[in-house]
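The values are calculated or read from the model by the stated rules, or taken from the named source; none is laboratory data. What you see is a predicted model; the values in this text were computed from it and never measured. No Cβ is skipped: glycine too gets one built from the backbone with ideal geometry, and neighbour counts run over all protein chains shown.
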Amino acid sequence: MKTNTESAEFHSTSNGFIAKYAPQISGFLEGFDRLRLRGTLRSLYCPTVLEAYLCAQHVKFQDFGAFVERTTDKVKAAAAALAEKLARPVVYVGSSGVRKEDLVRDLAREDGIQEGLIGILKSVEPCQAYRIRRRPEGPGFEFHLEVRKCLHFYFYLAHPRFGFMHLRLQSWLPFQVDVCLNGRHWLGRQLDAAGIAYGKRENAMVWVEDVARAQALLDQQIKTDWRRALNGLLTQTHPMAAEICRPLNLEYYWSVSESEYASDVLFQKPEELARIYPSLVHHAVRSFGSADVMRFLGRKVPLTTGRVFPQFRGEIISDLKHRPEGIRVKHQVQGNSIKIYDKQGSVLRVETTINRPTEFRVYRRPETQPQAAKSWRVLRRNVSDLPRRAQISRAANHRYLAALAAVSGTIPLFEWAQAVCRPIRRAGRRHRALNPLGARDGALLEIINRGEFALNGLRNRDVRARLYPRPADPQTKRRQANAVTRQLVLLRAHGLIAKVSHTHRYIVTEKGRVTITALLSARRADVDKLTALAA
């Protein structure tokens with residue numbers, strides 16, 4: 001088995017938390033946890049296309065109900081035939097209080113199912129479906145898409161590639177499909193194939209023989225040809241899909257309903273995590289305000305006030321819950337969230353969940369203009385944007401861990417401050433000390449710590465636009481640019497930022513991220529609270 005230093009090496013240079021607790025850590029793994037993927041015949045969600053679909057099959061509007069019932073009967077028969085062919089049970093679940101996953105795991109354990117179909121559950125649940133009505137004015141019919149209830153099939157699989165997963169099929173038009181899989185179950189299959197030993201409890205790896213190779217396998221998941229893989233699952237569980245799509249040559253459109261990206265710090269012993277976790281929870285609840293949560297998730301925060309924009313109308317929620325597996329702290333902004341919890345006693349997990357991708361951006365071409373130039377556009381639900389989701393989530397997790405590294409433990413603040421709060425010499429040149437409590441240097445640190453610069457870095461013009469927001473003549477602009485250049489040189493000399501080769505961009509170093517977080521926390525600290533703590 002790799003030593004703890006070797007196993008953490010993959011990310012230790014870019015993660016201050018890992019570097020800080022390296023002696024207690026056996027590894028660091030990050031990748032997708034739970035993924036909810038949705039397949040829709042999205043053209044059929046338009047009533048006019050539905051009318052064309054019925055016409056292509058010579059179905060009169062007044063026969064719509066009978067036509068859909070016949071198709072639904074075929075879907076039900078196909079599910080029953082699959083279960084009979086593989087000698088697996090079909091179980092009706094009549095209560096929402098029954099936990100389907102527990103029921104299926106019991107089935108798999110009792111029957112010794114290691115691979116293949118475990119069983120099919122069916123349940124009546126809400127869905128979007130069509131109802132046909134007579135037009136309120138004039139003759140004829142019209143279609144309304146509304147919330148109704150219909151039978152759903154859950155195909156639970158011990159998949160040879162993805163591990164434990166399920167596909168949920170709506171049995172009524174427009175036959176929506178949902179696929180739920182877990183990256184850690186998937187990793188288990190990958191490790192088995194590679195002959196790498198590991199320990200796994202539920203959806204968490206508690207130890208891995210070769211962490212670097214395991215991380216490489218997690219990175220491979222992001223490069224999956226999702227359209228091909230999901231269409232393969234569809235063919236396996238929903239053979240009626242081809243017949244349903246044939247009249248208008250339709251194809252299922254695959255999107256992401258919800259993604260969870262988890263960064264797991266694997267501690268060698270549960271007691272080592274138990275020793276520091278209460279202080280991590282305390283700081284996450286007491287020290288991280290709304291502005292911090294916004295920054296973790298890459299949102300802008302005004303430099304002048306350090307507070308959330310007054311125009312922001314969404315909710316920023318932080319809460320703490322005691323769950324059976326441990327204490328969980330969760331921060332939520334506009335439906336997206338980041339949380340921390342102790343998983344299986346020895347795993348510290350930071351996890352970013354994206355439910356509303358429109359809050360983020362991706363560098364891509366327009367869908368309708370594949371030859372157009374790329375630009376920053378809204379992150380889509382389409383599975384093709386999953387790599388960008390991973391990038392955004394990973395950066396959010398790292399910012400959170402860096403913040404924990406800065407505020408947790410027993411390192412006094414002066415140890416972080418003394419290195420940058422005194423003059424230094426670099427390459428024979430003297431550079432002045434920083435004054436983080438002063439207005440000028442404090443404003444500069446606030447700017448380079450902004451969430452939007454975490455992924456793509458910052459330029460002289462970015463800093464200049466925030467330090468000098470008022471319009472200026474060309475001569476004044478040159479003086480301002482030169483002043484910012486001197487400030488960037490100062491930050492580089494103190495090791496807080498680094499130049500990106502062959503570009504005009506700078507990135508905050510890990511030392512800089514930890515130091516700046518600590519100094520800004522002190523800068524914004526409440527005097528009354530500090531006095532009370534010192535008493």
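Entry remark, segment 260-277: residues being closer than 23 Å to HIS331 by Cβ and in a helix (DSSP H, G or I) number 4 in total.
For segment 363-391, taking the residues that are within 30 Å of ARG328 (Cα to Cα) and of a type in the set (A, V, I, L, M), the one that is nearest to the chain's Cα centre (by Cα) is identified as ALA390.
Among residues belonging to segment 463-498 that are of a type in the set (D, E, K, R) and touching a helix residue (DSSP H, G or I) at 6+ places or on another chain (Cβ under 7 Å), point out the one that is nearest to ARG295 (Cα to Cα). The residue in question is ARG466. The residues in segment 450-503 that are among the β-branched types (Val, Ile, Thr), over 25 Å from ARG425 (Cα atoms) and touching a strand residue (DSSP E or B) at 6+ places or on another chain (Cβ under 6 Å) can be counted, and the count is 0.
Let's see how each residue does on (1) more than 30 Å from LEU145 (Cβ to Cβ); (2) at pLDDT below 95:
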{"residue": "ARG88", "(1), (2)": "yes, no"}
{"residue": "SER95", "(1), (2)": "no, yes"}
{"residue": "ARG99", "(1), (2)": "yes, yes"}
{"residue": "VAL104", "(1), (2)": "yes, no"}
{"residue": "ILE118", "(1), (2)": "yes, no"}
{"residue": "SER123", "(1), (2)": "no, no"}
{"residue": "GLN128", "(1), (2)": "no, yes"}
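Does at least one position in segment 128-144 carry a residue that is surrounded by 17 or more Cβ atoms within 10 Å (Cβ to Cβ) and closer than 25 Å to PHE162 by Cβ? No, that holds for no residue.
Among the residues making up segment 160-175, those that are out of contact with any Lys or Arg (no Cβ under 9 Å at 6 or more places or on another chain), over 25 Å from GLU202 (Cβ atoms) and either modelled with pLDDT of 95 or more or among the aromatic types (Phe, Trp, Tyr) (or both) are LEU169, GLN170, PHE175. Of all residues in segment 211-233, those satisfying the criterion of being charged (D, E, K, R) and over 19 Å from ARG349 (Cα atoms) are ARG213, LYS223, ASP225, ARG227, ARG228.
The residue that is nearest to VAL91 (Cα to Cα), among those in segment 130-159 that are modelled with pLDDT of 95 or more and in contact with an Asp or Glu (Cβ under 6 Å, 6 or more places away or on another chain), is HIS152.
From the list ARG430, ARG377, ARG425, the lone residue that is surrounded by fewer than 21 Cβ atoms within 10 Å (Cβ to Cβ), part of a strand (DSSP E or B), basic (Lys, Arg) and at pLDDT below 90 is ARG425. Screening the candidates TYR130, TYR92 for the property of being over 30 Å from the mean Cα position of the chain (by Cα), touching a residue at least 40 places away in the same chain (Cβ under 8 Å) and within 30 Å of TYR45 (Cβ to Cβ) yields one hit, TYR130.
Could you please let me know if ALA262 is more than 20 Å from PRO357 (Cβ to Cβ), in the same structural domain as LYS330 (by TED's automatic domain parsing) and either in contact with a helix residue (DSSP H, G or I) (Cβ under 8 Å, 6 or more places away or on another chain) or buried (at least 16 other Cβ atoms within 10 Å of the Cβ) (or both)? Give the steps one after another, and end with the answer.
On the way: more than 20 Å from PRO357 (Cβ to Cβ): no; in the same structural domain as LYS330 (by TED's automatic domain parsing): yes; either in contact with a helix residue (DSSP H, G or I) (Cβ under 8 Å, 6 or more places away or on another chain) or buried (at least 16 other Cβ atoms within 10 Å of the Cβ) (or both): yes.
When the stated conditions are applied, ALA262 does not pass them.
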